Amino acid sequence: MSLLWLRFALGCYFISLIYAFVALSRTSDLFSRIALHAASLGMVFHFVSLTELFLAGHVVWASVHNGESLLAFLSMSFFMLIYAIYQTTSPGVVVFPVVFFLTFIAAADEQPVLLTQFVSSKGWLAAHIFLIFIGYAALLVSFGASLLYLLQERRLKAKKSSSLISFLPALEVIDQIGYRSLLLGFPFMTLGLITGSVVAISAYGRLDFLDPKILLSVLMWAVYMLMVFTRWNSGWRGRRAAVLATFAFVAALAAWAANYFSAIHRFAAS
Amino acid sequence: MRYQLIGVNHMSAPLEVRERLAIPESRLPDTCRDLTAFPGIEEALVISTCNRVEIVAHTTNGAADLRGFLHDHFHLTANELDAHLYEFREKDVVRHIFRVASSLDSMVVGEAQILGQVKEAYATARAVGAVRSHLDQLFTRAFAVAKRVRSETAVGSSSVSIASVAVELAKKIFGTLEGKTVFVVGAGKMSELAARHLMAHGCASIFVSNRTYDRAVGLAQKFNGQAIKFDDLYDTCDRADIVITSTGAPHAIFRREHGEQFLSRRKNKPMFFIDIAVPRDVSPDMAKLDGIFAYDIDDLQQAVSSHVADRRKEAELAESIITAEVERFEARLHTLDVVPTIVSLQDHLETIRQAEIDRVRNRLGHLTPEQEIAVEALTRGIINKVMHTPITTLKSAAKESEATTIVDVVRRLFNLHDKEAPATEKKNEVGTRQ
């Protein structure tokens, strides 16, 4: 049943996805409102789907697909938060495709829910999953914002009057969205990694830094910290910030993909 | 009417060309003198603003080589210049000047500044004696027309201007202008206007710097701002988010190294340069830096042009006023042309009458005052009756294009010389000998 709701959500997200592609070429107030409503409706379905999983009584996010579903939901929540503060749907250009992609995979089929037998503390695991996913969502939004910043900067530099009328908010607003997401995400990401380490130590008794999952996670965290630092220290933005953000985003993707290779961080027992 | 005009404006020539033609205020009187010394030019006036450089002249034969003057004066070849030039003659000059003064030819249609600039150009040329009767008539009328356009249409009232475009662009960069700092470099009228707009939209503080420190202090006081010594410009500039620059410097005063310095000191927070100076104050390589957004006068025009549509209607109304005014001016000029002829005709006949009365006075013997008056009335009456038709014909002919022919005929019939004609001839000779 949970999967059915998720597929409804996917349908709604699809409409938002179209917006993401159209918004780059034209500005339509009506269309951005449709996208917003579709996204909100999608979130309702999505929420129902997640609640059903939760009510099933396990720490059910401990499956790759359910994890992806949760991450998509959190990213969407982040997007809505930004909309509430800044009244702009433009981060959707980056957020919507990613959310759609995650939901699409999650809605593909039902995975057997298997708790790893090693995990002794379910509370720590739940905390780890939640914290790190909020960190991921923040990183995604920050990455999106830095791309939009670059785009808006180009437009302002091109000085064409037509390009000044665009769906993008003011440069400094985009900058703020990116920076605040970055700052907000950092503690979550850090705490997420710490709780993850606690879970791993409790299960294995030690941390294996050569494990690809851990290695990539540490790398991602390092890039994340570098971003926060360069921004705070010398106000890097624009092109340089976009390069760093892309790097962090790729590291995050790699860390995520490492789930499939890691010896210690896997959901399904094999 | 032997008016001629040559020039470039923001539509005909790119900023690079206008920069090379721009004549600094201090050199305007000399340029006017050079012009009047040029073969075939009787009177001349130069309008040099950031958007246009124009030479208006009244010439001896309506075909002075103004193009040649520009080539010589600016040491430019025909290749570099001619493609950007426009030339007008006679009636078209009148129309153009009326349009310029009424701000219909402006980059921002309806902006009020151009009228002041034209008035200044007029005053400068007049002071050196380059503007006399013909150009005087033209410009006096142009100022009246501009006033009429302003009061009868809404062309000038709407908020669209360089200043409001600057505000809009600033909002695209900063979102809100609340708490932003403005730096005005070069205390000109246009930068003052832009600063006023920015402050009205929430900018918090303002710095003013000017080569002449007193002017900076004057402007700073108007906004409760702070005057900065020009030498301290580079040390303080990074504190501003928005810089309005309009100095008369011949070279860019903000170069790449300054931009890098500012950005590192303000932790790469973006800066918006509104460069309304011609030649430009912000060098193109500085404008390329990430975080520096520099808009020069041409860029602002592009941004402005998107607004122009909504005021097209008002502009059309203004154009019809201009057309009517051009007709009126033309008619008046012609009337003015016949007036001297009528006056000298009257003088001529009056002299004859007086001479004839004097000749017969002895034969008439002593006349009573009543008789005296009767003789006066008789002779005057005859002359007036005879004169009536020719004068009416002259006056009505004034409105037609054949006025000059009729005036000519009358002059030859009565053997009239007015005071102006010989002088013009003499000047012609001088002109051809040069």
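Kindly evaluate B:ARG215 against the criterion of being open to solvent by 10 Å² or more (accessible area, probe 1.4 Å), in a loop (DSSP other than H, G, I, E, B) and away from every other protein chain (no Cβ under 12 Å). Before the answer, list the steps.
On the way: open to solvent by 10 Å² or more (accessible area, probe 1.4 Å): yes; in a loop (DSSP other than H, G, I, E, B): no; away from every other protein chain (no Cβ under 12 Å): yes.
The answer is no for B:ARG215.
List the helices (runs of 4 or more DSSP H) that sit entirely inside region B:235-345 and contain at least 2 residues that are charged (D, E, K, R) and away from chain A (no Cβ under 14 Å).
Of the helices (runs of 4 or more DSSP H) lying wholly inside region B:235-345, those with at least 2 residues that are charged (D, E, K, R) and away from chain A (no Cβ under 14 Å) span B:256-265.
Would you mind stating whether A:LEU182 is open to solvent by less than 60 Å² (accessible area, probe 1.4 Å) and in contact (Cβ under 8 Å) with a residue 60 or more places away in the chain? Let's see the steps before the verdict.
Working: open to solvent by less than 60 Å² (accessible area, probe 1.4 Å): yes; in contact (Cβ under 8 Å) with a residue 60 or more places away in the chain: no.
So A:LEU182 fails the test.
Is at least one residue of region B:187-202 touching a Leu at 6+ places or on another chain (Cβ under 8 Å), open to solvent by 30 Å² or more (accessible area, probe 1.4 Å), within 14 Å of chain A (Cβ to nearest Cβ) and not in a strand (DSSP E or B)?
Within region B:187-202 (the criterion being touching a Leu at 6+ places or on another chain (Cβ under 8 Å), open to solvent by 30 Å² or more (accessible area, probe 1.4 Å), within 14 Å of chain A (Cβ to nearest Cβ) and not in a strand (DSSP E or B)), the answer is yes, since at least one residue qualifies.
Of everything in region B:52-69, what is at pLDDT 85 or above and surrounded by 21 or more Cβ atoms within 10 Å (Cβ to Cβ)? Give them in sequence order. Can you show your working first?
Within region B:52-69, the first condition is being at pLDDT 85 or above, and the residues that meet it are B:52-59, B:65-69.
Passing the criteria: B:ARG52, B:VAL53, B:GLU54, B:ILE55, B:VAL56, B:ALA57, B:HIS58, B:THR59, B:LEU66, B:PHE69.
I need the full set of residues from region B:222-234 which are more than 31 Å from the chain's Cα centre (by Cα) and assigned to a helix (DSSP H, G or I), in order please. I'd like the intermediate steps shown before the answer.
The initial filter retains those residues of region B:222-234 that are more than 31 Å from the chain's Cα centre (by Cα), namely B:224-234.
Of everything in region B:222-234, those that are more than 31 Å from the chain's Cα centre (by Cα) and assigned to a helix (DSSP H, G or I) turn out to be B:PHE230, B:ASP231, B:ASP232, B:LEU233, B:TYR234.
Assuming A:LEU164 fulfils every condition listed in (1) modelled with pLDDT of 85 or more; (2) over 17 Å from the mean Cα position of the chain (by Cα) apart from one, which condition is it?
(1)
May I ask you to list the residues in region B:118-129 that are under 14 Å from the mean Cα position of the chain (by Cα) and open to solvent by 50 Å² or more (accessible area, probe 1.4 Å)?
Taking region B:118-129 first, the residues under 14 Å from the mean Cα position of the chain (by Cα) are B:118-126.
Selection gives B:LYS119, B:GLU120, B:ALA123, B:ARG126.
Every residue, every condition in (1) touching a strand residue (DSSP E or B) at 6+ places or on another chain (Cβ under 9 Å); (2) of a type in the set (D, E, K, R), yes or no:
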residue: B:VAL165; (1), (2): yes, no
residue: B:LEU177; (1), (2): yes, no
residue: B:LYS180; (1), (2): yes, yes
residue: B:PHE183; (1), (2): yes, no
residue: B:ALA194; (1), (2): yes, no
residue: B:HIS201; (1), (2): no, no
residue: B:GLY218; (1), (2): yes, no
residue: B:CYS237; (1), (2): yes, no
residue: B:VAL243; (1), (2): yes, no
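Pick out the one residue from A:ALA252, A:ALA241, A:ALA248 that is within 14 Å of chain B (Cβ to nearest Cβ), open to solvent by less than 50 Å² (accessible area, probe 1.4 Å) and touching a residue at least 24 places away in the same chain (Cβ under 8 Å). Spell out the reasoning first.
Values: A:ALA252 fails: within 14 Å of chain B (Cβ to nearest Cβ); A:ALA248 fails: within 14 Å of chain B (Cβ to nearest Cβ).
Within the list A:ALA252, A:ALA241, A:ALA248, the selection yields A:ALA241.
Do the conditions hold for A:ARG231, that is, is it surrounded by 14 or more Cβ atoms within 10 Å (Cβ to Cβ), within 14 Å of another protein chain (Cβ to nearest Cβ) and either out of contact with any Ser or Thr (no Cβ under 9 Å at 6 or more places or on another chain) or among the polar types (S, T, N, Q) (or both)?
Details: surrounded by 14 or more Cβ atoms within 10 Å (Cβ to Cβ): yes; within 14 Å of another protein chain (Cβ to nearest Cβ): yes; either out of contact with any Ser or Thr (no Cβ under 9 Å at 6 or more places or on another chain) or among the polar types (S, T, N, Q) (or both): yes.
Spelling it out, A:ARG231 is indeed surrounded by 14 or more Cβ atoms within 10 Å (Cβ to Cβ), within 14 Å of another protein chain (Cβ to nearest Cβ) and either out of contact with any Ser or Thr (no Cβ under 9 Å at 6 or more places or on another chain) or among the polar types (S, T, N, Q) (or both).
Looking at B:ARG99, B:ARG132, can you tell me which residue is touching a residue at least 40 places away in the same chain (Cβ under 8 Å) and buried (at least 16 other Cβ atoms within 10 Å of the Cβ)? Steps first, answer last, please.
Values: B:ARG132 fails: buried (at least 16 other Cβ atoms within 10 Å of the Cβ).
Testing whether each residue is touching a residue at least 40 places away in the same chain (Cβ under 8 Å) and buried (at least 16 other Cβ atoms within 10 Å of the Cβ) leaves just B:ARG99.
State which residue is nearest to the chain's Cα centre (by Cα) when the search covers only region A:65-88 and only residues that are open to solvent by less than 20 Å² (accessible area, probe 1.4 Å) and of a type in the set (Val, Ile, Thr).
A:ILE82
Please determine whether any residue of region A:155-165 is part of a helix (DSSP H, G or I), at negative phi and either in contact (Cβ under 8 Å) with a residue 12 or more places away in the chain or away from chain B (no Cβ under 14 Å) (or both). Outline the logic, then answer.
Going through region A:155-165, the residues part of a helix (DSSP H, G or I) turn out to be A:155-158, A:161-164.
Filter once more, keeping what is at negative phi: A:155-158, A:161-164.
Still in the running and either in contact (Cβ under 8 Å) with a residue 12 or more places away in the chain or away from chain B (no Cβ under 14 Å) (or both): A:155-156.
Taking every residue of region A:155-165 in turn, at least one turns out to be part of a helix (DSSP H, G or I), at negative phi and either in contact (Cβ under 8 Å) with a residue 12 or more places away in the chain or away from chain B (no Cβ under 14 Å) (or both).
Would you mind finding the one in B:GLU400, B:GLU325 that is at pLDDT 75 or above and either under 29 Å from B:ASN61 (Cβ atoms) or surrounded by 10 or more Cβ atoms within 10 Å (Cβ to Cβ) (or both)?
Working: B:GLU400 fails: at pLDDT 75 or above.
Result: B:GLU325 is the single residue among B:GLU400, B:GLU325 that is at pLDDT 75 or above and either under 29 Å from B:ASN61 (Cβ atoms) or surrounded by 10 or more Cβ atoms within 10 Å (Cβ to Cβ) (or both).
Consider region B:135-151. How many of its residues are surrounded by 21 or more Cβ atoms within 10 Å (Cβ to Cβ) and in contact with a Gly (Cβ under 9 Å, 6 or more places away or on another chain)? Before you say what the answer is, go through the steps one by one.
Going residue by residue through region B:135-151, those that are surrounded by 21 or more Cβ atoms within 10 Å (Cβ to Cβ) are B:135, B:138-139, B:142, B:145-146, B:149.
Cutting the leftovers down to in contact with a Gly (Cβ under 9 Å, 6 or more places away or on another chain) gives us B:149.
The total comes to 1.
Inspect all residues belonging to region B:176-183 and state whether any of them is within 14 Å of B:ASP275 (Cα to Cα), more than 14 Å from chain A (Cβ to nearest Cβ), in contact (Cβ under 8 Å) with a residue 12 or more places away in the chain and crowded, with 22+ Cβ neighbours inside 10 Å.
Yes, region B:176-183 has at least one match.
The values are calculated or read from the model by the stated rules, or taken from the named source; none is laboratory data. Remember, it's a predicted structure, so these values are computed and weren't measured experimentally. A quick note on method: Cβ atoms are made from the backbone with ideal geometry, for glycine too, and the neighbour counts reach across all protein chains shown. Please note that ligands, DNA and RNA were not included when accessible areas were found on the heavy atoms of the full protein model with its side chains. Shrake-Rupley method; radii C 1.70, N 1.55, O 1.52, S 1.80 Å.
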